[in-house]
Amino acid sequence: MSSPEAVNRLVVFADTCGSGQMNIAAKRRTREGMYEAFAKAFASVGVNEGEMHQEDRGDGILAALDPGVPSSLMVGRWLSTLYESLREHNTVSATRLRMRVAMHMGPVVDDGKGLVGRAVDVTCRLCDSEEAKATIARADGSDLLHVVSDWLYANVVAEGGRYIEPDHYRQVRVENKEADELAWFRVPGLPGPPMTVPPPARRAGGGVPAAGPGPLEPAAQHGPGHQVPGTKNQFNVAGDSLYFEGGRFENFTGIRKDRPQTGGSEA
């Protein structure tokens, strides 16, 4: 799949939970189980080695799919097969295998040594985020957390389909020093993930973001006059400086006293 040009691909990053506390024997068992589960999942959607790039990340796997592979298969049958494979592994293995799996789509370059692109960075950050780790920790009886980017949810997951359960995802804002992304979390087998933080404010007209060619900046997403959480919007009314924050107008005094009052409208 090596290409000098960036190609729009679905990126998948998976990470094993709690591997840092395992001894070498346990790590080997979980790695074997992880690769076996991934192999079964790719086989279930008919994806062969020539249709994907897959590289080892120690206790995880990074993959990018050929553009011809439908993303709906990956968030549907592929994920369902992965989940069942993890459950099957855990019924016979002495070491429980639990995973976080994130997906995003965007331009990716395979430079012959690995994958390069912001889509790779975003996918890895979503998977490794504190919000994702806290959510799977709270879902102690579950073996898998699925995380998708806001764009992928709007354009693929929200459309539904076989094995896809849009209503079982919950929106989360993932923030760290390098990222501020909206994402959607799902724990297969549960009606919703056990959230550690309340979801971001829903957009007017519903909670599903509009479909489009890719993630938008906050101002472009919401349009003029919308207040992005954590900020305050400023307006000027008759010369006054007016702020809207926390659902209230602040610093508004009405008509400025230093303005001349007239009985009629200004020309």
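The values are calculated or read from the model by the stated rules, or taken from the named source; none is laboratory data. Since we're looking at a predicted model, the values are computed, not measured. All Cβ positions, glycine included, derive from the backbone under ideal geometry; neighbour counts span all protein chains shown. For the accessible areas, the whole protein counts, side chains as well, though only heavy atoms, and no ligand, DNA or RNA atoms are used. Shrake-Rupley method; radii C 1.70, N 1.55, O 1.52, S 1.80 Å.
If you bin every alpha carbon distance in the range 1-57 into 5 Å steps from zero, what whole percent lands in each bin?
Result returned by the calculation: 4, 13, 23, 22, 15, 12, 9, 3, 0.
Label-point separation (nm) for THR91 and ILE24, each offset 7 Å from Cα along Cα-to-Cβ?
3.3 nm
Taking the alpha-carbon centroid of each part, what is the distance from the range 110-164 to the range 39-62 in angstrom?
15 Å
Testing the spin-label approximation: label points 7 Å from Cα along Cα→Cβ at VAL7 and ARG162. State their distance in nm.
In this crude spin-label approximation the distance works out to 2.6 nm.
Please identify every one of the trypsin sites (Lys or Arg not before Pro) in the range 73-154 that sits in a loop by DSSP and has no more than 10 other beta carbons within 10 Å of its own beta carbon. Could the numbers behind the result be given before it?
Values: sites: ARG77, ARG87, ARG96, ARG98, ARG100, LYS113, ARG118, ARG125, LYS133, ARG138; in loops: ARG96, ARG98, LYS113.
When the trypsin sites (Lys or Arg not before Pro) of the range 73-154 are filtered for loop state and at most 10 Cβ neighbours within 10 Å, LYS113 remain.
Please give the direction-averaged projected area of the C-alpha convex hull for the range 100-196, in square nanometres with one decimal. Walk me through the intermediate numbers first.
Numbers: hull surface 27.2 nm².
Spelled out: convex hull of the Cα atoms, projected over all directions, averaged, 6.8 nm².
In nm, to one decimal, how far is the modelled label at ASP121 from the one at ASP180, with both set 7 Å along Cα→Cβ?
So the label points at ASP121 and ASP180 sit 1.5 nm apart.
Rolling a 1.4 angstrom probe over the protein chains, ignoring ligands and nucleic acids, what is the accessible area of HIS168 in square angstrom, nearest 10?
50 Å²
Using a probe of 1.4 angstrom, how much of the accessible area of the range 36-114 is carbon and sulfur, in percent? Don't jump to the answer; show the numbers that get you there.
Working: 1580 of 3260 Å².
Carbon and sulfur together cover 48 percent of it.
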